[in-house]
Amino acid sequence: MRRWNGWGDDTREYPLPEGAAAFLEEAAGPGQPPQDAALEDVIAAVPESRLPAHPLVTTDAETRVRHARGQSFPDWMAMRAGRFGAFPDGVAFPISGEEVQALIQYAQAAGIRLIPYGGGTSVVGHINPLGGSDPVLTVSLARLNRLESIDTASGLACFGAGVNGPDLEAQLRAHGFTLGHYPQSFELSTLGGWIATRSSGQQSLHYGRIEKLFSGGVVETLRGRLELPDFPASAAGPDLREIVLGSEGRMGVITQATVRAARLPEYEAFHAVFLPDWGRAQAAVQAIIQAGLPLSLLRLSTPVETETTLALAGHERLIGALEGLLRLRGVGEDKCMLMIGITGRAKTVKTALGEAVDIARQHGGVHVGQTFGKQWIKGRFDTPYLRNTLWERGYAIDTLETAVSWDRVPAMVDGLEAALRAEGEDAGERIHVFTHLSHLYPIGSSVYVTYLFRLAADPDETLSRWQDMKRRASETVVALGGTISHQHGVGTDHAPYLPAEKGALGMETIRALYGQFDPDGILNPGKLYA
Ligand SMILES: Cc1cc2nc3c(=O)[nH]c(=O)nc-3n(C[C@H](O)[C@H](O)[C@H](O)COP(=O)(O)OP(=O)(O)OC[C@H]3O[C@@H](n4cnc5c(N)ncnc54)[C@H](O)[C@@H]3O)c2cc1C
């Protein structure tokens with residue numbers, strides 16, 4: 001069963017490898033396991049539902065608890081400390097577009113706020129009820145999860161929008177296709193959620209972001225049904241898919257989505273290269289991406305992320321041998337790990353790998369083959385389980401992300417890391433911060449920062465520490481010319497910073513656009529914009 005207060009299936013654990021506990025203590029100080037709330041106590045505190053009865057709506061308390069929060073840091077604090085604030089007054093699990101439309105009409109007639117819910121993996125407060133006097137209905141798309149049709153000649157597949165990553169891939173693979181969209185939340189996040197948040201998968205270099213994969217579909221709105229045809233391309237005015245992408249539940253409920261699937265690749269492999277320092281490593285990846293090679297993944301870790309990844313991977317003997325080899329080749333303590341993925345026709349992509357490795361070598365890189373790549377691909381969806389383990393040992397982990405042009409990447413990495421560390425120093429705490437570049441473009445890169453810190457004895461103190469770090473880091477993103485999100489979206493946590501990049505006219509346009517579909521502001525209020 002899915003964990004109610006953490007990540008993933010409650011039968012799966014991520015035990016800390018040997019040596020990792022000592023590494024954490026050295027990096028952030030000794031952790032104190034927190035006192036988590038019990039599910040029964042949280043359920044007992046759920047207030048009476050304010051919803052009028054409806055045959056599609058359950059007001060069962062546990063179901064409401066399980067749909068009240070996502071996966072942001074404040075969500076974790078709320079779930080673990082049992083301080084939820086608001087709960088949805090009910091949850092519905094429609095099985096058709098008609099049922100979704102009936103629920104929308106019910107919400108409108110009774111002054112109910114409606115939150116579309118995919119996998120609940122939002123890390124920015126997208127699916128949380130915000131409290132207030134109006135009742136809240138959460139509409140889960142979980143039962144709209146089937147492959148409706150597939151056109152194998154064109155690679156177009158139409159799904160119920162609530163399908164999650166593994167189910168979507170399994171249904172496509174049965175026909176010899178893949179979507180290739182692999183966010184780290186793949187296990188639980190859904191197609192509709194990916195579209196509504198403009199998600200990016202780990203192999204977007206080859207398959208494209210969700211913007212490229214989303215070909216058409218159906219959105220149920222307060223003004224009726226909007227159907228988006230799936231043309232290969234069109235010059236017929238503005239593309240309405242663009243207003244669905246990133247709509248964060250404010251425009252309507254996406255019930256069906258047609259995606260552009262690819263035939264299963266003939267060949268796929270992930271190789272690691274180690275570069276001697278961060279400066280040379282950045283120069284290498286910039287040159288590789290600008291060479292336009294058909295790669296599927298480039299992921300470059302800073303020296304601290306490289307060291308942390310190796311420490312948390314276990315395999316001490318293997319890593320000791322690797323470090324000895326690297327030292328002989330001039331790659332020492334400041335080493336940066338670069339993962340290179342290739343996906344596609346064997347001959348073409350092996351040639352591309354060779355060219356990428358050659359470029360890396362010109363910057364002092366040492367190619368170490370597939371061992372680390374195989375480990376990474378095997379465990380890439382397990383890593384979120386580490387968050388459960390760390391929490392239980394008294395450590396919190398969170399991430400921040402943005403994207404900037406290449407000239408701003410070094411300043412953004414330094415600025416974000418310094419902002420988080422400085423906030424820690426002010427609180428008398430050590431913040432263990434590390435960064436990678438994982439979505440690269442010829443004109444720039446995403447910057448993805450992970451930070452680990454100790455939980456305070458008092459949950460309010462931990463939350464306030466996180467709020468200070470988040471505020472300082474978000475202000476740094478804005479000041480250094482980055483987008484407030486490259487892939488996680490806006491929700492509530494990033495909403496205060498959106499006007500800085502959209503401008504007053506831009507914000508007015510977004511409000512007017514979604515107001516056209518939902519003039520009374522019934523759908524997911526307070527998310528994306530106030
Ligand atoms: C461990 C972890 C790793 C992550 N890694 C990545 C990553 O690599 N790349 C990435 O892009 N993101 C990542 N995320 C963030 C998150 O998974 C994405 O934002 C994802 O797209 C959310 O999908 P979901 O189905 O869980 O949506 P939810 O969290 O349920 O909802 C998100 C938003 O979309 C709206 N929505 C959902 N479904 C619909 C629908 N059918 N119609 C209308 N609106 C809808 C909701 O109202 C809400 O505003 C990660 C999150 C976690 C916890």
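The values are calculated or read from the model by the stated rules, or taken from the named source; none is laboratory data. Keep in mind the model is a prediction, meaning the values are calculated, not measured. Positions of Cβ are backbone-derived with ideal geometry, glycine not excepted, and every protein chain shown enters the neighbour counts. Heavy atoms of the whole protein, side chains included, go into the accessibility calculation; ligands, DNA and RNA do not. Shrake-Rupley method; radii C 1.70, N 1.55, O 1.52, S 1.80 Å.
Things worth noting here:
- Whole-Å semi-axes of region 224-332's equivalent ellipsoid (Cα gyration tensor): 44, 18, 15
- Each Cα pair under 8 Å and six or more residues apart adds its sequence gap; the mean of these over the residue count of the chain is a relative contact order of 18 percent.
- Centre separation in Å (Cα based) which lies between region 197-225 and region 364-416: 25
- Shown here for region 22-99: trypsin sites (Lys or Arg not before Pro) in loop regions (DSSP other than H, G, I, E, B) with at most 16 other Cβ atoms within 10 Å, namely Arg50, Arg83.
- Centre-to-centre, using Cα atoms only, region 20-47 and region 464-484 are separated by 25 Å.
- The relative contact order of region 325-427, computed from alpha carbon pairs under 8 Å that lie at least 6 residues apart in sequence, is 16 percent.
- Within the accessible area of the chain (1.4 Å probe), percent carbon and sulfur: 52
- Cα gyration tensor shape for region 362-425, rounded if a/c is under 1.5, else prolate or oblate: oblate
- Region 373-530, relative contact order in percent, only Cα pairs under 8 angstrom and at least six apart counted: 24
- Between the Cα long axis of helix 278-290 and the first principal axis of the chain there is an angle of about 70°, rounded to the nearest 10.
- Rounded tilt (10° steps) of 409-426 against the dominant C-alpha axis of the chain: 80
- Looking at the chain, the DSSP beta bridges with both ends there are about 85 percent antiparallel.
- Region 71-135, Cα convex hull volume normalised per residue, Å³: 90
- Arg3/Arg430 FRET efficiency (R0 35 Å; Cβ-Cβ; nearest 0.05): 0.80
- Reach of Lys374 by Cα under 17 Å, taken over lysines that are not fewer than 8 positions away in the same chain: Lys350
- In whole angstrom, region 154-219 maps to an equivalent ellipsoid with semi-axes of 15, 14, 13, each derived as √(5λ) from the alpha carbon gyration tensor and ordered largest first.
- Residues in region 479-496 reached by a label modelled at Arg511 [backbone nitrogen below 14 Å; 7 Å Cα→Cβ]: 496
- Cβ-Cβ FRET estimate between Thr389 and Ala170, R0 fixed at 35 Å, reported to 0.05: 0.80
- Neighbours of Met469 by Cβ distance under 9 Å: Lys/Arg scored +1, Asp/Glu scored -1, total +1.
- Straight-distance crosslink candidates among lysines, where the alpha carbon sits under 27 Å from Lys502 and sequence neighbours closer than 8 are dropped: Lys212, Lys470, Lys527
- Rough spin-label spacing in nm, given labels placed 7 Å along Cα→Cβ, for Arg223 and Glu26: 6.0
- In order along region 297-312, the phi-based Karplus estimate (6.51 cos²θ - 1.76 cosθ + 1.60, θ = phi - 60°) of 3J(HN,Hα) comes to 7, 9, 9, 10, 9, 5, x, 5, 5, 4, 4, 5, 4, 5, 5, 7 Hz; Gly and Pro are listed as x.
- Estimated from the Cβ-Cβ distance and a Förster radius of 51 angstrom, the FRET efficiency linking Arg50 and Arg380 is about 0.75.
- Spacing of the modelled spin labels on Gln105 and Ala500, each 7 Å from Cα toward Cβ, amounts to 4.5 nm.
- A simple count of charges around Gly29, restricted to other residues whose Cβ falls under 9 Å of its Cβ and scoring Lys, Arg +1 and Asp, Glu -1, yields -1.
- Other residues with beta-carbon under 15 Å from the beta-carbon of Gln370 carry, at +1 per Lys or Arg and -1 per Asp or Glu, a net charge of +4.
- Dividing the convex hull volume of the alpha carbon atoms of region 1-105 by its residue count gives 144 Å³ per residue.
- The length gained by stretching the chain between Asp134 and Gln290 to full extension, at 0.36 nm per residue less their Cα-Cα distance, is 51.0 nm.
- Note on region 64-133 and region 230-287: Cα centroid distance 27 Å, given to the nearest whole angstrom.
- The calculated 222 nm mean residue ellipticity attributable to helices in the chain amounts to -11500 deg cm²/dmol, summing -39500 (n - 2.57) over DSSP H runs of n ≥ 4 and dividing by all residues.
- Every pair of different Cα atoms in region 278-401 enters the Kirkwood calculation, which places the hydrodynamic radius at 16.0 Å.
- Net length gained if the chain between Ala283 and Ile95 were fully extended (0.36 nm per residue, minus Cα distance): 62.6 nm
- Shape category assigned to region 62-220 from the gyration tensor of Cα positions, a/c cut at 1.5: oblate
- Available extension along the chain between Ile43 and Arg327 is 96.6 nm, counting 0.36 nm per residue and deducting the alpha carbon span.
- When the chain is described by a simple charge dipole with +1 on each Lys and Arg Cβ and -1 on each Asp and Glu Cβ, the residue from Gly489, Leu213, Met79 located farthest towards its positive end is Leu213.
- Cα-based values for the chain, radius of gyration first and Dmax second, are 23.1, 73 Å.
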